[in-house]
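K.L.:
Let me give you the structure first, and then I'll get to my questions.
Coordinate-derived values only; no laboratory data. All figures in this text were calculated on a predicted structure; none of them were measured in a lab. As a convention, Cβ positions derive from the backbone with ideal geometry for all residues, glycine included, and neighbour counts pool all protein chains shown.
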Amino acid sequence: MTHCREIMLEELQRRNFAPTTISSYLHAVEQFARHFKCRPDRLNQAHFRSYQAYLLRERKMQPRTVRLHVAALRFFFVKTLKRRYLLDDTPYPKAPRRLPQILSVEEVARVIDAAASLSHRTMLMVLYSTGMRNAELRQLQVADIDSRRMLIHIRRGKGGRDRYVPLSPTLLTTLRVYYRWMRPKTWLFPGTVNGWRADKPITPKVLWDACVVAARRAGLRKRCSPHLMRHSYATHLLESGADLRTIQLLLGHVEIRHTVLYLHLSQRHLQTVANPLDALTIAGPDTARRTRLKHKR
């Protein structure tokens, strides 16, 4: 796997893929090779199709997770090995479109207040006040906090795009307390090496644990995650009167269709739509005949 890994890594880096995508793609190909106990470059399209069915039927993976494996294997065979497989023969599994859960404003406050530490509390406040993705927060540097212009610089977000988001005065107060205590150097939320603090970013698990532990301590039954905080941030912005275009820019969405999702989550927008039934002039329910079907014996 070493030689194949090096070639694939080089191809991914040449195309400037995000570090998280590179890691996910390499891991997916490693799992593919491990499943067949064979070097991946010795496997073919038939193995690819068999493996995809295995992930869905036996591993019971969600379609969205299988899509990531398919994308990784497509890249490996087509871009790395230069095998021109027909895309129709390696389809992405159809994933149902489900609306995400969101937290109410009161629930967000409970989660933040239930944070296990000052570090976790600050992370949760950054998530909710900016709508950052997990990877974006982990890459946040001290120099990205511009307290004079009251902005936060998000570098190399999804697709390698930079953007600015407003810095909340409430968040700034907490950040100053956190900074005086933690004294971070480069990374705003430094990670650890062998249990000791190091000048490196935290791992994804640290941020996940901050959300999960706080939600459990707050007594919430909803599955809290960094992305749930992002969804809640966008929905609450919409309910507060922000327009979709502004929310699109703040979230870093390339297309407005991804932002329109929050119209379905906004209680204010759903309740302001007049129901056509209410415009009808119809008789009351007392005028309707009451009958029950007789059951056959």
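K.L.:
Quick one: divide the alpha-carbon radius of gyration of the stretch 2-89 by 2.2 N^0.38 Å and tell me what you get.
P.N.:
Rounded to two decimals, the normalised Rg is 1.02.
K.L.:
Considering the Cα trace of the stretch 105-271, what is its radius of gyration and what is Dmax, both in angstroms?
P.N.:
Cα only, the stretch 105-271: 15.7, 52 Å (Rg, Dmax).
K.L.:
With +1 on the Cβ of every Lys and Arg and -1 on the Cβ of every Asp and Glu, and nothing else charged, how large is the dipole of the stretch 2-89 about its Cα centre, in debye rounded to the nearest 20?
P.N.:
In debye, rounded to 20, the stretch 2-89 gives about 160.
K.L.:
For n ≥ 4 DSSP H runs only, could you compute -39500 (n - 2.57) per run for the chain, divide by its residues and tell me the 222 nm figure to the nearest 500?
P.N.:
Value at 222 nm, helices only, nearest 500: -15000 deg cm²/dmol.
K.L.:
Roughly how many debye, to the nearest 20, is the charge dipole of the chain about its Cα centre, given +1 on each Lys and Arg Cβ, -1 on each Asp and Glu Cβ, and no other charges?
P.N.:
Result for the chain is approximately 1140 debye, rounded to the nearest 20.
K.L.:
A further question on this structure: Classify the chain from the C-alpha gyration tensor, please: rounded if a/c falls under 1.5, else prolate or oblate depending on whether a/b exceeds b/c.
P.N.:
oblate
K.L.:
Hey, another quick one. List the extent of the Cα atoms of the stretch 224-282 along each of their three principal axes, largest first, rounded to whole Å.
P.N.:
Sorted from largest, the Cα extents of the stretch 224-282 read 47, 26, 18 Å.
K.L.:
Run the numbers on the stretch 58-128 and let me know its relative contact order in percent, using alpha-carbon pairs under 8 Å that are six or more apart.
P.N.:
Rounded, it is 25 percent for the stretch 58-128.
K.L.:
Between the alpha-carbon centers of the stretch 39-64 and the stretch 112-151, tell me the distance in whole angstrom.
P.N.:
The distance from the Cα centre of the stretch 39-64 to that of the stretch 112-151 comes to 38 Å.
K.L.:
Where does each of 203-210, 226-233 land if you order them by average Cβ count within 10 Å, highest first?
P.N.:
226-233, 203-210
K.L.:
On to the next question. Using just the Cα positions, wrap the stretch 18-142 in a convex hull and report its mean projected area in square nanometres, one decimal place.
P.N.:
Directional mean of the projected Cα hull area for the stretch 18-142 stands at 10.9 nm².
K.L.:
Can you tell me, using C-alpha contacts under 8 Å and at least 6 residues apart, the relative contact order of the chain as a whole percent?
P.N.:
16 percent
K.L.:
Oh, and also: Please list, ordered by chain and number, the residues whose modelled amide H lies under 5 Å from the amide H of Lys200; skip anything fewer than 5 residues away on the same chain.
P.N.:
Gly191
K.L.:
Tell me, what is the percent relative contact order of the stretch 105-271, built from C-alpha pairs under 8 Å that lie six or more residues apart?
P.N.:
The normalised contact order for the stretch 105-271 reaches 26 percent.
K.L.:
Ok, one more. Once amide H atoms are built 1.01 Å from N in the peptide plane, which residues 5 or more positions from Gln141, or in another chain, come under 5 Å H to H?
P.N.:
Those qualifying (amide H under 5 Å, at least 5 residues apart or on another chain) are Leu188.
K.L.:
In the structure shown, do any of Lys79/Lys158; Lys82/Lys158; Lys60/Lys205; Lys94/Lys222; Lys82/Lys200 have a Cα-Cα gap over 29 Å, and if so which?
P.N.:
Lys82/Lys200
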